[in-house]
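What follows is one structure encoded as structure tokens, with my remarks underneath.
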Amino acid sequence: MSKIKHLQKLLETKEITCIELTERYLQNIERQNKVINAYINVTAEEALETAKKVDERIAAREKLMPLEGIPMSLKDNISTKGIETTCCSKMLQGYYPIYDATVWETLKNQNSVLLGKTNMDEFAMGSSCETSIFGVTLNPHNTDYVAGGSSGGAAASVKGNMAVYGIGSDTGGSIRQPASFCGLVGFKPTYGTVSRYGVVAYASSLDQVGPITDSVEDAAIIYDCLSSYDPKDSTSVGSKISTRDKIKDGIKGMKIGIAQEFFEGISKDIKTSLEEAIKVYQDAGAQIIHFEMPKLNAVLPAYFIISCAEASSNLGRYDGIRYGYKTDSYKDINEMICKNRSEGFGKEVQRRILLGTYALSSGRYDAYYKKAQNLRYSIIQDFKKIFESCDIILTPSVPVTAYKKGKALVDPIEIYMMDICTVPANIAGLPAVSVPCGFDKNNMPIGMQLIGNSFEDYKVLNAAYQFEKLTKKTGVSYTGPEVEI
Ligand code: GLN
């Protein structure tokens, strides 16, 4: 069931005012954020101002726009005019953008109620929000575990009932992985359908913005609002298809591809849940097609070379001169820039900049960057072939469920490996969603990933919606803006 539609109905029938609704969410934040750390900046004043505007429009019997009056959160790498945007880095603390990211402009024009900016790994580099200068975000499903990352704050804001939906970004899995860890729906659209303008760049050829919600229908509603052509983003294409209309199509005859390589090394609980999910699809008339993906083991090396190379170039702008962190004392300009960057960036960001700079350096370019780009091209070709005979591909979202705080810092390489299932969709620019499909032995949520062909976002959301309907594993029936988690 769509929480957005449900709440809009309550607003339109005047069962609750937008101010009351916003206050309830602000109360939830007040109560829970100290422990969960989903928000790093709560914008209560702005939220109540917008809510007042919405109430006035309702009083004047205006028809609500699809996301109007709905309290939501934005990841802190999305530029918000006049509202601090830090990317959870010391480098950008105190930075107040002078323009809005297109995604925020679109939502703002719909009178979306922004509750605040959410925690993330520094510059979106990480998987548990532990590289954030604001510290870890805990999983509201069970606070012994992390919420995931890098859009961990976005996921925790939704799971903790501190926002109806969260907008995150996904370069290698940062929307889908926290959604999977928290038992939510996380959707990374086709590259180019949602504008990247004003979203602080990590790796521009991989970055995509998308929603984290607790139902597939809400993800479709948000995606339809955000997926339009933006002349300010040179890779923008937009989309004219309304996924919201198409998600309700049946799935009889849908061809679902499965490759064994995605299932190697996953735990027994995840395997069992996914096998059950496959059975649900088969019983509903979908056809399972087995294929091989021998290049899967090359996906992560290609991703880390390409993403770090792009990061080293994108993050070159932070010299602390025009804006950003500036050191207190220095001898000359070289020492100043060196100190600005080594004091302003955290360890993980520095590691990636160094790796990327090395991979792009003369003499090493052919051995690393060029090789990674060739691999990327050949992986794209492989997917093209697969989609000649399949409508969607089904995989685990992550090979593991949420882990405990501290693990990512102790063993970063092992954590990098956990991006194996999500990264292929970024490498090939494909749409992919994570939907909850069960729980492991510790009662932590398991996510199933559905990947589609480019610009077939509607097929991915259709298959996810049908799964949700058949199993009722997401979109938990929602009766009101309850105050407790
Ligand atoms: N966990 C991945 C990484 O650290 C993905 C990050 C992302 O999607 N922003 O690179």
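Bear in mind these aren't lab numbers, they're just calculated from the coordinates by the rules spelled out. A quick note: this is a predicted structure, and the numbers were derived from the prediction, not measured. Reconstructed Cβ throughout: ideal geometry from the backbone, glycine too, with neighbour counts over all protein chains shown.
Here are a few things to note about the model shown:
- Part-to-part distance (alpha-carbon centres) for the range 165-195 and the range 374-417, which is given in Å: 14
- Whole-Å distance, taken between Cα centres, linking the range 1-32 and the range 275-338: 35
- Surrounding net charge for L375, when Lys and Arg each add one and Asp and Glu each subtract one, Cβ distance under 11 Å: +3
- Computed log₁₀ I(q)/I(0) - Debye formula, equal Cα scatterers, no solvent, the range 1-106, q 0.17, 0.18 Å⁻¹: -0.90, -0.99
- When you restrict to C-alpha pairs under 8 Å that are six or more residues apart and normalise by the size of the range 22-124, the relative contact order lands at 38 percent.
- Principal semi-axes of the equivalent ellipsoid, √(5λ) from the alpha carbon gyration tensor of the range 273-380, are 43, 19, 9 Å from largest down.
- Here F387, F181 are placed in order of increasing Cβ neighbour count within 10 Å, fewest first, which gives F387, F181.
- Cleavage-rule hits (trypsin sites (Lys or Arg not before Pro)) in the range 59-154: DSSP loop, at most 16 neighbouring Cβ within 10 angstrom: R61, K63, K81
- Dividing the mean sequence gap of close Cα pairs (under 8 Å, 6+ apart) by how many residues the range 255-332 holds gives a relative contact order of 36 percent.
- Proximal lysines relative to K255, as straight alpha-carbon distance under 18 Å, when same-chain residues fewer than 8 apart are discounted: K246, K279, K384, K385, K459
- Per the Cα gyration tensor, the range 345-455 maps to an equivalent ellipsoid with semi-axes of 28, 25, 9 Å, ordered largest to smallest.
- Taking the number of Cβ atoms within 10 Å of each Cβ as an exposure proxy, the fewest-first ranking of V209, V35, V280 is V35, V280, V209.
- Calculated over the range 137-223: convex hull of Cα atoms, volume per residue (Å³): 83
- For the range 433-450 versus the range 52-128, the inter-centroid distance based on Cα atoms is 28 Å.
- P(r) tail for the range 97-177: Cα pairs beyond 15 Å make up 56% of the total.
- Across the chain, C-alpha contacts under 8 Å between residues 6 or more apart give a mean separation that, scaled by the residue count, equals a relative contact order of 19 percent.
- A cut-off under 12 angstrom between Cβ atoms defines the neighbours of Y197, and their net charge, with Lys, Arg +1 and Asp, Glu -1, is -3.
- Hydrodynamic radius of the chain by the Kirkwood approach over all distinct alpha-carbon pairs: 22.3 Å.
- Annotation note: trypsin sites (Lys or Arg not before Pro) in the range 399-442 located in DSSP loop regions with a Cβ neighbour count of at most 13 within 10 Å are K441.
- Calculated mean residue ellipticity, 222 nm, the chain: -12000 deg cm²/dmol, from DSSP H runs (n ≥ 4) at -39500 (n - 2.57) each, averaged per residue and rounded to 500.
- According to the Kirkwood relation over distinct C-alpha pairs, the hydrodynamic radius of the range 294-344 is 12.8 Å.
- Counting charges near E84 (Lys, Arg +1; Asp, Glu -1) among other residues having Cβ under 9 Å from its Cβ returns a value of 0.
- Of the GluC sites (Glu not before Pro) in the range 169-264, those whose Cβ has at most 11 other Cβ within 10 Å and which sit in DSSP loop: E264
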